[in-house]
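In what follows, a single structure is set out as structure tokens and then discussed.
The values are calculated or read from the model by the stated rules, or taken from the named source; none is laboratory data. The shown structure was predicted, so the numbers you read here are calculated from the model rather than taken from an experiment. Cβ atoms come from the backbone with ideal geometry, glycine included; neighbour counts cover every protein chain shown. These area figures cover heavy atoms from the full protein model, side chains too; ligands, DNA and RNA do not enter into them. Shrake-Rupley method; radii C 1.70, N 1.55, O 1.52, S 1.80 Å.
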Protein chains: 2
Amino acid sequence: MSKELEFHLKEAAERVNIALDALLPRPDGPEERLMRALRYSALDGGKRLRPFFTLEAGRMFDADETALLRTAVAIECVHTYSLIHDDLPCMDDDDLRRGRPTLHREFGEAMALLAGDALLTFAFEILADPATHRDPQMRCLLVSGLARAAGPLGMVAGQAADMEGGEISSDLIAMTRMNRLKTGCLINFSVDAGALIGIASDAEKLSLSRYAHDVGLAFQMVDDLLDAEGVVRDTGKAVKKDGARGKVNFVTVMGVEATRERVGMLAAQAKRHLMPFGPRARMLIDAVDFIITRRY
Amino acid sequence: MSKELEFHLKEAAERVNIALDALLPRPDGPEERLMRALRYSALDGGKRLRPFFTLEAGRMFDADETALLRTAVAIECVHTYSLIHDDLPCMDDDDLRRGRPTLHREFGEAMALLAGDALLTFAFEILADPATHRDPQMRCLLVSGLARAAGPLGMVAGQAADMEGGEISSDLIAMTRMNRLKTGCLINFSVDAGALIGIASDAEKLSLSRYAHDVGLAFQMVDDLLDAEGVVRDTGKAVKKDGARGKVNFVTVMGVEATRERVGMLAAQAKRHLMPFGPRARMLIDAVDFIITRRY
């Protein structure tokens, strides 16, 4: 990873952590446990890859930094909510997340359910706030975009498809679609939001959206490769879980070699989509290599 | 109940049912079970009291009917999501809702969790859509208002306080606060949204907001009275459950008589708040009597 990318990734994570800490309700009122639960999950040192995408995509068009940051925070709230609910016993029933007990293991199921609900709702409060962008039309577009990416025809549909499991995801096309919905939609919106706030042209938006599509899919395939390799120390979450549960994923369907090959193709294609932007797109291009070689 | 109120309540319910049916994703795609789950809960014949409030409050100011209806639908989506999650085993663990099996009894816990998440998200998609109101500033205010009413300092805080249970809610002030958050905030927003869309004056907004505050509290007290009386046939949900679980509510703390008295006082006060509006407020005033004498 280049020093510059390392710096930008770290900077994005730090800025998001500071903003989240400032925006989330303080844990000192009567609902102190709820607020602590929100913070336990939202401030747990995730990679903040989606915020990085929003910030870097927006910077290509000299977009307003506050608008980018607040949007990045809202997206991260939605991402965190999805992990909390996904870890619940009725879903993936995971005990470990980023090296610590999952929220429901630490605070109980009811509090985890509510903390997820709260973060999802809070994301829209952040976006609709005039502090996010002076133009209410832009704020509405951000709310719409996030709601579509996360809602019943986006991320939730992907989670439902994943839960229904078995036969539906055993063929590659259905599984690609499921992953596209489950993780791809939100990654796409994190890039698209940067272009939207930056008032990119339609052609520029399309190029970035295609980049996000390929990166999102490659990201998921790398996840499945890491799961298969069982790098528990690095990922900080339970591994080999898909295989153990009889769940299919890209690796169980295509095998390790074919999945690796596909990741390489997607990475190359993702970079090509950004060629029209020249050196402006350097960070997003460098991020592709980081994503496909990550060990966590 | 007056014939006119009966007509207005029925009309609000019918219009909301038609609009919900049109707006919710069709149950014919790959996520057919998720869509069926959404519809099972969202189209289950609830009273649609919150939509009634929005429509009637807005009509006092000749507000745009489409804006009112779409906002009412969004509010009802949030209300439905809250019932679905509240019924889950890790929360109230209820088997019955409006005379039918709860969503998780019918579709499983994972699908109920996801259907709730989807409805909450979808509510914001509806509000941010230009079809709701031509003015994006208004749409942002609606998104903000709903998010605040439902979020970590609103409804979710109330549910968390309810879960923490026991000592916190055994005194009347704490319990009033808990109910205010848990059900009051959303009832308040359903009235406030009508005034907002109708561009009411600040004084008018304040009067309506006070009305909603009192009605919301009276509504919850009547719920507790019905629970204590055990009118299972009429409510279509499990009753005497608070007592059986050792949970406190207004009746267990104040007793039946004092609760009834308090309901009467709140009802009278709620009506007084609407006096400045004269005959324009007739439906909202009549609704008070309906709410405090309801048997379900």
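What accessible area per residue comes out for chain A, rounded to a whole number of Å², with a 1.4 Å probe?
Roughly 38 Å² per residue, with all protein chains present.
For chain B, with a Gaussian network of springs between Cα atoms less than 10 Å apart, report the residue from B:Gly194, B:Gly45, B:Gly158 with the top mean-square fluctuation.
The residue with the greatest mean-square fluctuation here is B:Gly45.
Is there a simple number for the mean count of other chain Cβ atoms within 10 Å of the Cβ of residues in B:138-145, and what is it?
Taking all residues of B:138-145 together, the mean is 6.
For B:Arg262, B:Arg33, A:Arg50, what's the largest-to-smallest order of accessible area, 1.4 Å probe?
B:Arg262, B:Arg33, A:Arg50
Once both labels are modelled 7 Å past Cα along the beta-carbon direction, what's the A:Glu257-A:Ser2 spacing in nm?
Modelled inter-label distance: 3.4 nm.
With solvent modelled as a 1.4 Å probe, how much accessible area in total do chains A and B shield from it at their shared surface, in Å² to the nearest 100?
4000
What is the distance, in nm, between label points placed 7 Å from the Cα along the Cα-to-Cβ direction at A:Arg105 and at B:Asp289?
5.9
What accessible area, in Å² to the nearest ten, does a 1.4 Å probe give for A:Lys10?
Accessible surface of A:Lys10 is approximately 130 Å².
Over all residues in A:123-134, what is the mean tally of Cβ atoms on other chains that come within 10 Å of each residue's Cβ?
Rounded to a whole number, the mean comes out at 5.
Quick one: order B:Phe107, B:Phe250 from most to least accessible surface, probe 1.4 Å.
Of B:Phe107, B:Phe250, the descending order of accessible area is B:Phe107, B:Phe250.
For chain B, return all DSSP H helices satisfying: extent of Cα atoms along own axis at least 24 Å; mean Kyte-Doolittle hydropathy at least 0.5.
Going by DSSP H runs, the hits are B:109-128.
What does the highest-first list of B:204-211, B:108-115 look like by mean Cβ count within 10 Å?
Taking the mean over residues of other Cβ atoms within 10 Å, the ranking is B:108-115, B:204-211.
In peptide A:32-43, what is the residue-averaged number of other protein chain Cβ atoms found within 10 Å of each Cβ?
Averaged over the peptide's residues, the number is 2.
Any chance you could count the Lys pairs in chain B whose alpha carbons are under 23 Å apart, treating pairs 8 or more apart or on different chains as valid?
Number of lysine pairs found: 18.
Heavy atoms of the protein only, probe of 1.4 Å, neighbouring chains included. What is the accessible area of B:Glu261 in Å², nearest 10?
120
To the nearest 10 square angstrom, what accessible area does A:Ser2 show with a 1.4 Å probe?
50
Roughly speaking, to the nearest percent, how much of chain A's 1.4 Å accessible area is carbon and sulfur?
53
May I ask you to compute the full-extension gain from B:Asp44 to B:Lys10, defined as 0.36 nm times their residue separation minus their alpha-carbon distance, rounded to one decimal in nm?
My answer for the length gained is 10.8 nm.
Excluding A:Asn17 itself, what net charge comes from residues whose Cβ is under 12 Å from its Cβ, given Lys and Arg +1 and Asp and Glu -1?
Net local charge, A:Asn17 excluded: 0.
Under a point spin-label approximation (7 Å from Cα along Cα-to-Cβ), what is the A:Arg98-B:Ala174 distance to one decimal in nm?
3.2
For segment A:106-127 and segment A:128-159, what is the centre-to-centre distance using only Cα atoms, to the nearest Å?
17
So for B:His213, A:His104, what's the accessible-area order with a 1.4 Å probe, most first?
Ranked from most to least accessible, the order is B:His213, A:His104.
Using helices alone, I'd like the mean residue ellipticity at 222 nm for chain B: each DSSP H run of four-plus residues gives -39500 (n - 2.57), total over residue count, nearest 500.
-22500 deg cm²/dmol
Quick one: which residues, 5+ away or cross-chain, put their amide H under 5 Å from the amide H of B:Arg97? H built at 1.01 Å from N.
For B:Arg97, whose amide H was placed from the backbone, the distant partners under 5 Å are B:Thr102.
Using alpha-carbon positions, what is the distance between the centroids of segment A:52-84 and segment B:177-234, in Å?
The distance from the Cα centre of segment A:52-84 to that of segment B:177-234 comes to 36 Å.
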